[in-house]
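Asker: My structure is below; once you've seen it, I'll send some questions.
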């Protein structure tokens, strides 16, 4: 009975009924050799059915023994297929009496998502895969079988057969394969001595199963298909899994490190195994593309055999671009070893050879001390990000610093995260968004131009490069050094950068240089990248293929490895006194906050961030990594806008005092603010915060009306003072709240999406609830003091008020003697794009307007603007005084903010960028059903996540916010159900920033967790 190229499910169902008494629905599955099916019975039980004719019954006895071993020794938290015996108590069922009969096997179904169909493959999931693989291999460690050692083309130990098939590939492909073949053969003798055992041997992306846990974390929960199991080198298991895991990873080496780290924590790998992993990954890919090429000739209809062919070729090219030694160093570090095996020997040698800084720079023999220069992310010496390119200022600052410390060497920078490296030139796409090479790997010594540099060590010139492609950088000189220690020859290198071009006449490649000999001179200003003249000094164990230079910075992910590869220059100098940068880690800050700061003070995201610098639409963490800020409307005109910063600095240096003294800054700011407002709003009171502004507005309203009752919106939030909390439903109806106080009256949130009334003309219906409150008060002989509402309700979930709502409400409230307050603490100052003030879009003018966060761009400044009538009624003889409200510094900053909005046309930008974002988000809602509503105006937008029954998808919203943070985008949730994603970035956001946000949102919406 020959196996047909395809078989009908009816025939398979007949066999299952005959041999297993199983019936149900059969679904074909992909397969390489076998015909695979999923059987679902009427009771809901599921089984895997495998039918094959190319594998003998004898060969399958090994797989059967292996599965039985795993049944007897279950692996914790890992589901594995178990044999299901037929009516004859056999697992391998011959389907006829003929010699070449097909064989049927039935196994228990392993539930979960195939790795190939699950997203995202983030570092924690890859790490968990490594750990689960190790648990499996640890269980298989005690298993062996006579058939485990066999001739098998998928066994990496036998992979050199592919040399006989190189003719199937083009010349470029052959060169790529030969690269890894040569590496494999070069290490073959030591590879063959590595430890061996039975391994799964095929943990590809269709044999690994992933499930979502209750905590929304993805975990590897199952492995299937043990048909390729073989007795071979243990390290092959990691290489094979890596070859598939890496295919969709922008940084394949980092993904390998995560896989390896997880594996090693459960089943430690040996140091001698790690040098082979790089070429083994390459060889598994080489075997895969060769098998695919053969299959195309032999069975062109079998798409499964070539499913990974093009991705494998793509990965092979990217893998070849990684230096094998660097990969080896990363693998060592992942396994808890010193990345470079000779690091300790080099440290001892350098400390024995230590010289004084004055021996290297004899012209500075008068300097006896060290002053460490701080150029880290949070350094105040650097000033504003806009000053990075102000070379004259940098030169002046370093001269000033040297004058302050005349007897000191100015130096520092080793392992220092530097924010000015967070640029496109230093960026790459990592596995969790953009990454920046911000960690400085050398020592900078700040000196006068033309300072003589004498060699601290003897060596040979192996690199002298002019850097003529970048005329603002002087030549780079590299020396090679050798010594013997512990019966080993140790080779290392020293690099000298930012040199004078005069150095080019001093040496040629191959020159021997003696310790103490004149080596070079420091470059002029223009040879130092615009910085003050300085020497960049760096040590390296290995040049990693670089001939003329070596990277002077690395990503934070690579810091531990590069710290070993580029040892601490302090080891070479007698003055060593801990010059290295010491970052304060997040957990230490978290622990202190928990002990000494209020328990109610929350942190954003499941993994909090430490932010040390702001730059326009970005925030930078302590490692110099940039995050696009899409939720911080406080930085209205961009984080640390240079015009605003300069205005505040200049005024602060002159005078800051209270408003009882005359000062033109207060008048200039007030004039500029009133120019943006309707004529009716003509009197200004300056305060420090939005809470203070709303507190004062309530006092004014109560003074004007003589009443105490305030009408406010459901889910509204107006500040953190007592009076503001008393009218903030978002607070008193939430955790820890006790409901509305006696004089607060909450009306339904005018939400036309999920609120009481959902038609476009619902404004009148919602306004009717305000009228009802007023009527109820009248029956009690009371009247409303005020109605307060944000013009777009922020904490309610970016709710746009329906047409006609404010007009009708204002009319009702005023008719009853009350005051209308527009809270524009968040939505004012041009943010909605169409108007400068959001209330203008409703055709109303409030009696009192409160302005907060945006007007000071983060500085404590807020404003209450009211009508003359309100102001006169409030001025009842009791003085209102606020010590810092309206101080000259705040007023100057506020004026600068208003001028920036106008000069940079930020209101128009909010309109254009906001419209672009809103249109694209609405298009997303058609593709991603979880997005049920998109709303807001300008750069004050929100979209709501719900299921098909409009139940809030809070879990998915939280996942999205945390996942976006992992990808370098700061975004947050809002709304009473915490299922609204709010977008209210700095007004300086541009179209390309919006597109970056949209790209990452699309990526996350396509992930499996968002569909759960």
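Asker: May I ask you to sort 596, 526, 408 by Cβ crowding, counting other Cβ atoms within 10 Å and putting the fewest first?
Answerer: Going from least to most buried by this count: 596, 526, 408.
Asker: On to the next question. Taking every pair of alpha-carbon atoms in the stretch 905-959, give the share separated by more than 15 Å as a whole percent.
Answerer: Counting every Cα pair in the stretch 905-959, those more than 15 Å apart make up 51 percent.
Asker: Would you kindly state how much longer the chain becomes between residue 916 and residue 214 on full extension, computed as 0.36 nm times their sequence separation minus their alpha carbon distance, in nm to one decimal?
Answerer: The span from residue 916 to residue 214 would gain 249.1 nm if fully extended.
Asker: Compute the Rg/Rh shape ratio of the stretch 192-252: radius of gyration over Kirkwood radius, all on alpha-carbon atoms.
Answerer: Reported Rg/Rh, Kirkwood definition of Rh: 1.05.
Asker: Right, next: Report, please, the projected area of the stretch 867-1012 averaged over directions, based on the convex hull of its C-alpha atoms, in nm².
Answerer: 12.8
Asker: Mind sorting 795, 38 by how few other Cβ atoms lie within 10 Å of their own Cβ, fewest first?
Answerer: By the 10 Å Cβ count, ascending, the order reads 38, 795.
Asker: What is the calculated FRET efficiency for residue 753 to residue 779, with r their C-beta to C-beta distance and R₀ = 30 Å, to the nearest 0.05?
Answerer: Between residue 753 and residue 779 the formula returns 0.35.
Asker: Give the dimensionless ratio obtained when the Cα radius of gyration of the stretch 338-461 is divided by 2.2 N^0.38 Å.
Answerer: This ratio for the stretch 338-461 stands at 1.28.
Asker: Below 8 Å, C-alpha to C-alpha, sequence gap of six or more: please give me the relative contact order for the chain in percent.
Answerer: That works out to 9 percent.
Asker: So, one more: Can you tell me which of 276-287, 489-500 comes out highest on packing, and rank the rest after it, using the mean Cβ neighbours within 10 Å?
Answerer: The most tightly packed comes first, giving 276-287, 489-500.
Asker: So what's the stretch 124-334 giving for Cα Rg divided by 2.2 N^0.38 Å, two decimals?
Answerer: 0.98
Asker: For residue 46 and residue 347, what does the FRET efficiency come to when R0 = 41 Å and r is the distance between their Cβ atoms, rounded to the nearest 0.05?
Answerer: Computed FRET efficiency for residue 46 and residue 347 comes out at 0.10.
Asker: Let me ask something additional. Quote the Stokes-Einstein diffusion coefficient, in whole µm² s⁻¹, for the stretch 570-695, based on the Kirkwood radius over alpha carbon pairs, a temperature of 20 °C and a viscosity of 1.002 mPa s.
Answerer: The Stokes-Einstein estimate is 110 µm²/s.
Asker: Ignoring everything except DSSP H segments at least 4 long, calculate the 222 nm mean residue ellipticity for the chain; use -39,500 (n - 2.57) per segment, divide by total residues, nearest 500.
Answerer: Taking each H run of at least 4 residues, the total per residue is -10000 deg cm²/dmol.
Asker: Need one number: nm distance between label points at residue 875 and residue 368, each 7 Å from Cα along Cα→Cβ, rounded to one decimal.
Answerer: Distance between the two pseudo-spin positions: 6.8 nm.
Asker: I would also like to ask the following. Please give, to one decimal in nm, the separation of the simple spin-label points placed at residue 145 and residue 354, each 7 Å out from Cα toward the Cβ.
Answerer: Distance between the two pseudo-spin positions: 6.1 nm.
Asker: Compute the helix-to-body angle for 642-652: its Cα long axis versus the longest principal axis of the chain, expressed 0 to 90° and rounded to tens.
Answerer: Helix 642-652 sits at roughly 50 degrees to that axis.
Asker: If I model a spin label at residue 124 and residue 605 as a point 7 Å from the Cα along the Cα→Cβ vector, what separation in nanometres do I get?
Answerer: 1.3
Asker: OK, next. What does the extension gain come out to for residue 270 and residue 386, with contour length at 0.36 nm per residue minus their alpha carbon separation?
Answerer: Going from the current span to full extension adds 36.8 nm.
Asker: Let me ask another. Take every Cα pair under 8 Å in the stretch 688-873 that's 6+ residues apart, average their separations, divide by the length, and report that relative contact order as a whole percent.
Answerer: Reported as a whole number, the value is 24 percent.
Asker: Moving to a separate point now. If you average 1/r over all unlike Cα pairs in the chain and invert the result, what Kirkwood radius do you get in angstrom?
Answerer: About 33.4 Å, per the Kirkwood formula over Cα pairs.
Asker: Given 0.36 nm per residue, what is the gain on full extension from residue 338 to residue 661 after removing their alpha carbon distance, in nm?
Answerer: Fully extending the segment from residue 338 to residue 661 adds 109.8 nm.
Asker: Taking N as the number of residues in the stretch 125-220, what is its Cα Rg relative to 2.2 N^0.38 Å?
Answerer: Normalised Cα radius of gyration, the stretch 125-220: 1.42.
Asker: Any chance you could list P(r) for the stretch 9-111, counting all Cα-Cα pairs in 5 angstrom bins from zero, rounded to whole %?
Answerer: 2, 12, 23, 26, 20, 12, 4, 1, 0
Asker: Next question. When the Kirkwood radius is taken over all Cα pairs of the stretch 688-873, what Stokes-Einstein diffusion coefficient follows at 20 °C and 1.002 mPa s, in µm²/s?
Answerer: The calculation lands on 132 µm²/s.
Asker: Can you tell me the FRET efficiency between residue 73 and residue 585 if r is taken as the Cβ-Cβ distance and R0 is 45 Å, rounded to the nearest 0.05?
Answerer: 0.65
Read-outs: derived from the displayed coordinates by stated rules, not from any lab. Just so you know, these numbers come straight off a predicted model, no measurement behind them. Neighbour counts run over all protein chains shown; Cβ positions are idealised from the backbone, glycine included.
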